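The values are calculated or read from the model by the stated rules, or taken from the named source; none is laboratory data. What you are looking at is a predicted structure, and each value in this text was computed from that prediction instead of being measured. As a convention, Cβ positions derive from the backbone with ideal geometry for all residues, glycine included, and neighbour counts pool all protein chains shown. Just the protein is used for accessible areas: all its heavy atoms, side chains included, with ligands, DNA and RNA removed. Shrake-Rupley method; radii C 1.70, N 1.55, O 1.52, S 1.80 Å.
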Amino acid sequence: MKIITAHHKKIIDDSYKVFIEQGVINKLPSLLKKINLGQKYAIITDSKTSKIHGISISKFLNKNGIKNEIFSFEAGEKSKTLKTIEELSEAMVEKGFNRKDSIIALGGGVVGDIAGFLASIYLRGIPFVQIPTTLLAMVDSAIGGKTGVDLKAGKNLIGTITQPKAVFIDINFLKTLPENQIRSGLGEIIKYGVIKDEKFFTYLEKNLSKIFAHDEKVLNYIIKKSIDIKVEVVENDEKESKNRMILNYGHTYGHALEKLSNYTLLHGYAISIGMVIANQMAVEKKLLKQKDADRIKALFEKTGLPTYSMHKPTIKDLMTDKKSDGKSINFILPTKIGNAIIYNQKFN
């Protein structure tokens, strides 16, 4: 038998710039020309975002020499399927998109997940940029490279880790968001304070009213701080082999709650409940003081996020999560505000 070793040593720099500026969309044509990712762009968006932002941005880009086509799908988590990926792919082929072209993900987390996954597999991969339009996407899903779609068994079970080439964050988009979407984004933002930065958590406690009043200075700060924390975690563990798991604080129960609600429960609302459950686990295991658990719960309540669900997921529900190996589940449990650990819970 002859054995041949195939050497594929790779050194890849997947760094990208995150542009955070009120009105940055007005600079989009010049910025896209500068990074020069594609001869034309497929704007992937959903039915709601297309009407609110997509059509006007497409016309603006065309007017300024950036060729593009809009491809939209029905808004909502239910569209995060392989069928949607197939339909978008077929539509892009019909419009003649090739390897010299690129994708723009314009929308919230669902759009970012779908567009990023599509970019990672279309013609074996083409570049993409993120333009998040929700607070949740700005501080979470647009950063870090996670893409994917859902299966009947659970959320995000098929996907890739593929970094965007750039992220453009314009807080003007937040003016069109309903308040429940701001709350949903705050669920993820509070998470960052609990797992990594007590001072940031305190800042959120003191400035909550300014956030809901759309204070530009405060919004810019909390978005930038959240991204700084996520980038620090992700760049040390891109593939989530260990430390990146702390970003899943509240998500094990949260994802199960989303599925049980048939995805009618907003992500930030679901992980708020999930974080409260995780905190109680940490208190019971003597990892977290009750006063810290109460303080975290109080901020969720002040934000208007739920902290309790009538339908607590079963172990069977949790076992479909990606953090399960079939015999145990990795939970992220805080030890104090500003620090969290990975706790492996075995089940019979």
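Things to note:
- Number of positions in the stretch 1-59 that are assigned to a loop (DSSP other than H, G, I, E, B) and either at pLDDT 85 or above or open to solvent by 90 Å² or more (accessible area, probe 1.4 Å) (or both): 22
- Test: residue in the stretch 152-166 that is under 23 Å from Ile273 (Cα atoms), of a type in the set (D, E, K, R) and touching a residue at least 24 places away in the same chain (Cβ under 8 Å): yes
Yes/no per residue for (1) open to solvent by 50 Å² or more (accessible area, probe 1.4 Å); (2) within 14 Å of the chain's Cα centre (by Cα); (3) on the phi > 0 side of the Ramachandran plot; (4) not hydrophobic (A, V, I, L, M, F, W, C):
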| site | (1), (2), (3), (4) |
| --- | --- |
| Lys230 | no, yes, no, yes |
| Asn236 | yes, no, no, yes |
| Leu260 | yes, no, no, no |
| Asn279 | no, no, no, yes |
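- Answer residue from the stretch 211-237, given it is in contact with a helix residue (DSSP H, G or I) (Cβ under 7 Å, 6 or more places away or on another chain) and part of a loop (DSSP other than H, G, I, E, B) and is modelled with the lowest pLDDT among those: Asp237
- Here is the figure for the stretch 263-281: residues that are within 23 Å of Lys199 (Cβ to Cβ) and in contact (Cβ under 8 Å) with a residue 60 or more places away in the chain total 4.
- From the options Glu86, Glu77, Glu94, Glu90, residue that is open to solvent by 20 Å² or more (accessible area, probe 1.4 Å) and under 16 Å from the mean Cα position of the chain (by Cα): Glu77
- So Gly112, is it modelled with pLDDT under 95, of a type outside the set (A, V, I, L, M) and open to solvent by less than 60 Å² (accessible area, probe 1.4 Å): no
- Within the stretch 108-154, the set of residues being touching a His at 6+ places or on another chain (Cβ under 7 Å) and in a loop (DSSP other than H, G, I, E, B) comprises just one member, Thr133.
- Pairs, first of a type in the set (Asp, Glu) in the stretch 128-146, second modelled with pLDDT of 95 or more and open to solvent by less than 10 Å² (accessible area, probe 1.4 Å), C-beta under 7 Å, six or more apart: Asp140/Glu188
- Residue pairs meeting the criteria (Cβ under 6 Å; at least 6 apart or on separate chains; first without any contact (Cβ under 8 Å) to a residue 60 or more places away in the chain and among the aliphatic types (A, V, I, L, M), in the stretch 206-232; second in a helix (DSSP H, G or I) and open to solvent by 70 Å² or more (accessible area, probe 1.4 Å)): Val218/Lys210; Ile229/Lys196
- For the stretch 286-320, the candidate set comprises residues that are surrounded by fewer than 18 Cβ atoms within 10 Å (Cβ to Cβ) and acidic (Asp, Glu); within that set, the residue that is nearest to Leu257 (Cα to Cα) is Glu301.
- Every test in (1) surrounded by 22 or more Cβ atoms within 10 Å (Cβ to Cβ); (2) among the hydroxyl-bearing types (Ser, Thr, Tyr); (3) modelled with pLDDT under 95 is passed by Ser102 save one, and that test is (3).
- Criterion (loosely packed, with under 15 Cβ neighbours inside 10 Å and of a type outside the set (Gly, Ala, Ser)) met by exactly one of Ile190, Ile158: Ile158
- Verdict on Ile85 being assigned to a helix (DSSP H, G or I), in contact with a helix residue (DSSP H, G or I) (Cβ under 6 Å, 6 or more places away or on another chain) and closer than 21 Å to Ile158 by Cα: yes
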